[in-house]
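Here the structure comes first, spelled out in structure tokens, and everything after it is commentary.
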Amino acid sequence: MDRSDQKLEVIRKLLAKAERAATTNEADAYNAKASELMAKHGVDAAMLAAASGDTRDTIGSLRMKMTDPYSVEKAQLANAVTQAMGCRLVQHPGYGRGQISAVTVIGFESDLRRIEVTYTSLMLQATKSVVHQRPPEWSRESTTAFRRTYLAGFSSEVYRRLLAAERGAVERHDAAATREGPSAALVLADRRSLVQAAFDEQYGDLKPGRKRTLSGSGYQAGREAGRRADVGQARVTGNRRALERG
């Protein structure tokens, strides 16, 4: 196990404590710390690669399979994680209308590993919670519509939390820096530019998809669930076969 794997293992153990926490406040504290550590891990990996010229942290791709029900919403969650961590994503349509069969993420290898770990956990949490969601009986609203907006709200809040953690890690790193050299903000901006160039080279001819309009009322409930979600947990064991590296 290399140093990077050791850091991810610390995050796994921290979030395992969150699962066993006796109170919501205790769980929130563990989850917040895990999110902070995951973001710091990303900054540290980027700065190490920039300082040492590490050729192992190159731009690659990660293909993740999406399954129904709610394959579009699962792809939306994958995109939330991907965008927050400075990478880019393309969706691959399924055979049925409104289906997504897979997504491909373009980014640096160290970030792809973070995305794989984070998305796997969040997808399992979202899938587990959404089956218990139903609209109020008096509303006569479709359960499917309610659950779609629930998952949209979940993804929106996850993106907000992850992005805040990423930005916070950069700010803390640069505030504590004592050596001369490029700031973390500059290094990560350069990495995002390289990722964008690689993405454009492979998928630059694709047109953006149409913006979806959802009619359900589960958005706020989903956002609250996203606020409580474990960010960074690696429940990859037993589910790795669902993720295929490209």
Total residues in region 20-62, condition modelled with pLDDT under 80, touching a helix residue (DSSP H, G or I) at 6+ places or on another chain (Cβ under 6 Å) and not in a helix (DSSP H, G or I): 1
Answer yes or no as to whether Gly168 is open to solvent by less than 50 Å² (accessible area, probe 1.4 Å) and free of Cβ contacts under 8 Å to residues at least 12 places away in the same chain. no
Looking only at region 102-123, decide whether some residue is among the acidic types (Asp, Glu), at pLDDT below 90 and either surrounded by fewer than 19 Cβ atoms within 10 Å (Cβ to Cβ) or within 18 Å of Ser193 (Cα to Cα) (or both). no
Pick out the one residue from Gly98, Gly86 that is in a loop (DSSP other than H, G, I, E, B) and more than 20 Å from Glu157 (Cβ to Cβ). Gly98
Looking across region 33-72 at residues that are of a type in the set (D, E, K, R) and farther than 14 Å from Thr120 by Cα, the single one that is most open to solvent (accessible area, probe 1.4 Å) is Arg56
Tell me, which residue of region 78-96 that is more than 12 Å from Ser61 (Cβ to Cβ) and among the polar types (S, T, N, Q) is farthest from the chain's Cα centre (by Cα)? Gln91
Give the residue, chosen from Val130, Val187, that is in contact (Cβ under 8 Å) with a residue 24 or more places away in the chain, among the β-branched types (Val, Ile, Thr), within 30 Å of Gly98 (Cβ to Cβ) and surrounded by 15 or more Cβ atoms within 10 Å (Cβ to Cβ). Val130
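The values are calculated or read from the model by the stated rules, or taken from the named source; none is laboratory data. Everything quoted here is computed from the prediction, not taken from an experiment. Backbone-built Cβ (ideal geometry, glycine too); neighbour counts: all protein chains shown. To get the accessible areas, we keep the full protein, side chains included, count just its heavy atoms, and leave off ligands, DNA and RNA. Shrake-Rupley method; radii C 1.70, N 1.55, O 1.52, S 1.80 Å.
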